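What follows is calculated from the coordinates using simple rules that are stated; it is not laboratory data. Just so you know, these numbers come straight off a predicted model, no measurement behind them. Ideal geometry is used to build each Cβ from the backbone, glycine not excepted, and the neighbour counts take in all protein chains shown.
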């Protein structure tokens, strides 16, 4: 998830939670406010009444032992004044039921006893709780609507603001990281931002890219120079030996020795070429712009390599269960990868052995696997088989210099192909290449 | 055929000159770019062998000059630089072929022959080997009037290479490099050449024993012919 989406998402969620909490708490709060407001009013009414009683005497309301009562037409408020027993004392505000003209109604009632002369009186002022609570619901609704509106507004504002403030980061990611095609670097372009973190990030990425670029450039120069310096002397020696072969006065014995020299020279040449190839691959000097089909590639491989099967009478089976078009690959390199794997499968195979090369979809990935019936690889050697110049113990007698699998590895890495090896000593090995989705165009 | 060899490495230039002169080419050698530039401007050549890594001259510039003053000449780039793009650029600029050092002199001659066939349109190039008619243009073999169509592409490549260098012993390494030149692999012994030769002999002997295809003990193979 993108940072901006995450931020907006988090903001929205947290706001919604707070608003919901508030709306849920609202009835209680309003009730509390109403209660204290009502109580306040009841007390004020009581004080007023007592004031009137004090100024004008109790007779204004009560004459003799009669009681006084008054209520509003809809009975939401009432006042009553009674004569109370002499020792009776009360001063409370509480919710109680009262019967007013056959209607039982819930009231918030202030009860207060006071003495006038020798007589004790009980004053009750009531307000119906229904009339107290009736504002709660609409208040809650209005509050909820207003708050939701505000939340939406702030989410939009947050979105706009975070999008504005994160724009430099997006630019950095889009132009400097995602589209970066090593090793083709473009000139540094500063990303305009006032956020110091982004400035720091931008500069750091630029410095790193520059360092990588320098390293790539250096290695490229080194490869080119090393190649020139190594290949030129080999070339001279090779030409000299070839010309000497032609001379009429060279004895057969000398020719045999020349042949030995030539063989050694080819070995040197082969190692040098292979090492340079690996460096070039790792230096990203090859393009990935070819396309071919699995069937075609494997057929070419078969044509090239079939002669090597003859010596040990090995049978090679090509099983292209799913033929696909491969794109964004380097055909030369991919061919060499497969050639080396099959060549190894031949070299380490037994007489009358078998090799099966299969290509198919497996668990959602396109796989090419090469299975042989050869000597296998010891478990403790498996982790090292892709190391340069590492020869397997059993392979010492073979005419190779231990660069076959390192080439395979670097070509696979170049194409982002995963290699896995399963091997049972004495029974054979299976190398499986899992191709990345980007190299598969379409099923055929 | 006139050849201009542009190569700053004297030892190599001399070997090239020696080999090509022996094979009846007329050679001139330049050890640096500026003298080569002068020669190209004045003389006409059939072949220009150009080393890209000259100390005093950008090799590709020399190629451009050669294209202008010697449009008929076939250019072969020889280089020890390992820039992958060089090949593409060189061929784009009009080079006819590209050989990476170290190369075999035999391979160079084979490439030159291929260019001659392509450029100058040699009429049907058929060699008669004791009744086997090897057509290098169509890449077919007939035994008198019967086609020998069991020979594979690789086997024909081998035969053609041996035939191009007829009466000369080619080692397994040389043959192997020609056949598997584009494959980078970890072997340095080309014993599989023996299997190829064995197959070729078997296929040809269905018509007549191919005694002209000789094994030179301990050295390699040779096609012996007066044709």
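Table for the structure above
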quantity	calculated
Over chain A: helical MRE at 222 nm, DSSP H runs n ≥ 4 each giving -39500 (n - 2.57), nearest 500	-17500 deg cm²/dmol
Distance between the range B:37-62 and the range A:286-357 - C-alpha centres, whole angstrom	41
Average other protein chain Cβ within 10 Å of Cβ, residues A:328-341	2
Reciprocal of mean inverse Cα separation for the range B:100-227 (Kirkwood radius, Å)	15.3
In degrees, nearest ten, helix A:294-305 long axis to first principal axis of chain A (Cα)	30
Counting DSSP beta bridges with both ends in the protein assembly as shown, the antiparallel % (nearest 5)	75
Inter-chain Cβ neighbour average for residues A:222-235, partner chain, 10 Å	6
Stokes-Einstein D for the range A:290-443, Kirkwood Rh over Cα pairs, 37 °C, 0.692 mPa s (µm²/s)	209
For the range B:2-120, radius of gyration divided by Kirkwood radius, i.e. Rg to Rh on alpha-carbons	0.91
Nearest-ten-degree value, helix B:59-69 long axis tilted from longest Cα axis of chain B	90
Cα centroid separation - the range B:105-166 against the range A:25-68, whole Å	127
Fraction of beta bridges assigned by DSSP in the range B:28-156 that are antiparallel (%, nearest 5)	55
Inter-chain Cβ neighbour average for residues B:66-73, partner chain, 10 Å	0
Ranked list, fewest to most other Cβ atoms within 10 Å of each Cβ, for A:260, A:130	A:260, A:130
Measure of compaction for the protein assembly as shown (Cα Rg per 2.2 N^0.38 Å)	1.85
Antiparallel bridge percentage (DSSP; both residues within chain B; nearest 5)	45
Of B:109, B:14, B:174, the one that fluctuates the most in a GNM where chain B has Cα springs shorter than 10 Å	B:14
Cα shape, the range A:3-136, gyration tensor, a/c 1.5 rule	prolate
Estimated [θ] at 222 nm from DSSP helical runs (n ≥ 4, -39500 (n - 2.57)) normalised by residues in chain B, nearest 500	-13000 deg cm²/dmol
Using alpha-carbon coordinates, inclination of helix B:105-120 to the longest axis of chain B, degrees	80
Order by protection proxy (mean Cβ within 10 Å, highest first), peptides A:60-72, A:416-428	A:416-428, A:60-72
Calculated P(r) of chain B - Cα pairs past 27 Å, %	40
